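Colleague: Can you read through this structure? Questions will come right after.
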Amino acid sequence: MESLSSTVAFLEQEVGWQHPSAFLWRAEAADRLDLLLLGASDPEVRARALVLLDAMEAIDGEGFAVLRDAIRRGEGRAAFASWLDVGSPTGQHYDVLDHVLAGVLAIDEPDVEQPAPPPEMVFYQPTPARHIIDGIHRAGIAGSDVVMDLGAGLGHVPILVHVLTGARTLGVEREPAYVARAMEAVSGLGLHGVHVAVGDARDADLSEADVFYLFTPFIGTVLRDVVAKIEREARQRHVRVVTLGPCSRTFARMPWLHSDDPDPSTPERIVVFRSKPGVP
């Protein structure tokens, strides 16, 4: 059976995890060390394990800085190239790519005055990064698009979509503290095509966007009213709606939308809807 002592000895001799781009290796190694530390009693071995964990954290920090510098130079897509093949992701769990994105954005979730959301609003949960990338691919988002995230939270979606595609991105978020942190990250990365604003999605100006994204930020009558607003925009121009979570079921029932997804009601993966040609 693997022990903390043998794992520490292996990592002390192995150099692969020390490469700045070896985020996955370090994440898996750190998880293993954390687990083995729970049952370890040898103080000398524990101390060596903690030294390794500190070294991994420091190297991650260096890697995050390299990615941030690339984004500032306008080379963000190239810097994330090794992460862009996400396959067909499902589920709403987080993985090492979320660890990397969180480290690059360096956004600390703020304390808010009213932690419990208002009726029909949903607790904030960031979109797993693999789903953002999947949505970009499947919706065909390009630099000429304007993408609006309704319920933008800390801005992960607007920031990453802009970095990877060059599209202008907008976000609407009801919590001012989240918006402030998101725009601090936008400013720190030197991004001029991203703007997140405080507001209620029911009152937002949707006229500039041709792609709308929702990770089920609200339910009930709030969702109904926002769907109606998007439908009004679809009567003016072709739009795409990208969804994740239970709200996909609501959009799947809309007669003015269609999707090529074999199960457009699924809450487990990104679903892309397009307004039907000839919507009056």
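Colleague: Which of (i) 72, 41, 38; (ii) 96, 41, 34; (iii) 61, 52, 34 is the computed Cα extents along the principal axes in Å for the structure on display?
Modeller: For Cα extents along the principal axes in Å, the calculated option is (i).
Colleague: Ignoring ligands, DNA and RNA, what accessible area per residue does the range 1-152 give at 1.4 Å, in Å²?
Modeller: Values: 8230 Å² over 152 residues.
Dividing the accessible area of the range 1-152 by its residue count gives 54 Å².
Colleague: Given an 8 Å cut-off on Cα distances and at least 6 residues of separation, report the relative contact order of the range 1-82 as a percent.
Modeller: On the way: 48 pairs, mean separation 26.6, N = 82.
Reported as a whole number, the value is 32 percent.
Colleague: A further question on this structure: What 222 nm value per residue comes from the helices of the chain, counting each DSSP H run with n ≥ 4 as -39,500 (n - 2.57) and dividing by all residues, nearest 500 deg cm²/dmol?
Modeller: Per the formula, -14000 deg cm²/dmol.
Colleague: Dividing the alpha-carbon Rg of the range 154-280 by 2.2 N^0.38 Å yields what? The partial results should precede the final answer.
Modeller: Numbers: Rg = 14.7 Å, N = 127, 2.2 N^0.38 = 13.9 Å.
The range 154-280 yields a ratio of 1.06.
Colleague: Now for a separate question. Give the peptides 170-182, 109-121 in descending order of average Cβ contacts within 10 Å, highest first.
Modeller: 170-182, 109-121
Colleague: Let me ask something additional. Where does each of ARG224, ARG46, ARG72 land when they are ordered by accessible area, with a 1.4 Å probe and the largest first?
Modeller: Details: ARG224 140, ARG46 80, ARG72 120 Å².
Per-residue accessible area, sorted high to low, gives ARG224, ARG72, ARG46.
Colleague: Determine by what factor the alpha-carbon radius of gyration of the range 90-159 differs from 2.2 N^0.38 Å, reporting the quotient. Let's see the in-between values first.
Modeller: Details: Rg = 13.7 Å, N = 70, 2.2 N^0.38 = 11.1 Å.
Computed over Cα atoms of the range 90-159, the ratio equals 1.24.
Colleague: Another question, if that's okay. Let me check I've understood the local charge: for ASP34, count other residues with C-beta under 15 angstrom from its C-beta, Lys and Arg +1, Asp and Glu -1. What total comes out? All intermediate terms of the calculation are to be shown ahead of the outcome.
Modeller: Details: positive: ARG26, ARG32, ARG46, ARG48; negative: GLU2, GLU28, ASP31, ASP54, GLU57, ASP60.
Spelling it out: positives minus negatives among the neighbours equals -2.
Colleague: Below 8 Å between Cα atoms, with a sequence gap of 6+, how large is the relative contact order for the chain in percent?
Modeller: Result for the chain is 14 percent.
Colleague: Further question on the same structure: Rounded to the nearest 10 Å², what accessible area does TRP83 have for a 1.4 Å probe in the complete protein model?
Modeller: Per-residue accessible area (TRP83): approximately 50 Å².
Colleague: Taking all protein chains in place and a 1.4 Å probe, what share, in percent, of the accessible surface of the range 1-90 do carbon and sulfur account for? Each step should come with its number before you reach the end.
Modeller: On the way: 3050 of 5380 Å².
Carbon-and-sulfur percentage of accessible area, whole number: 57.
Colleague: Please give the net charge around ALA47, taking every other residue with its beta carbon less than 13 angstrom from that of ALA47, where Lys and Arg add +1 and Asp and Glu add -1. Mind dumping the intermediate values first?
Modeller: On the way: positive: ARG46, ARG48; negative: GLU12, ASP42, GLU44, ASP54.
In short, -2.
Colleague: Another question about this same structure. Can you tell me the accessible area per residue over the range 174-280, all protein chains present, probe 1.4 angstrom, in square angstrom?
Modeller: Numbers: 4840 Å² over 107 residues.
Result: 45 Å² of accessible area for each residue.
Colleague: Once the Cβ-Cβ distance between HIS19 and GLU75 is put in as r, and R0 is 25 Å, what FRET efficiency do you end up with, to the nearest 0.05? It would help to have the intermediate numbers written out before the result.
Modeller: Working: r = 19 Å, r/R0 = 0.77.
E between HIS19 and GLU75, to the nearest 0.05, is 0.80.
Colleague: Loop-only check: which GluC sites (Glu not before Pro) in the range 210-268 are DSSP coil with at most 12 other Cβ within 10 angstrom? Provide the component values of the computation, followed by the final result.
Modeller: On the way: sites: GLU231, GLU233, GLU268; in loops: GLU268.
The qualifying sites: there are none.
Colleague: While we're looking at this one, here's another question. Quick check: from the Cα gyration tensor, does the range 146-218 come out rounded (a/c under 1.5), prolate or oblate?
Modeller: Numbers: a/c = 1.74, a/b = 1.16, b/c = 1.50.
Oblate, since a/c reaches 1.5 and b/c is not below a/b.
The values are calculated or read from the model by the stated rules, or taken from the named source; none is laboratory data. Model, not experiment: these values are computed from the prediction. Here the Cβ is made from the backbone with ideal geometry for all residues, glycine too, and neighbour counts use every protein chain on show. Note: areas computed on protein heavy atoms with side chains; ligands, DNA, RNA excluded. Shrake-Rupley method; radii C 1.70, N 1.55, O 1.52, S 1.80 Å.
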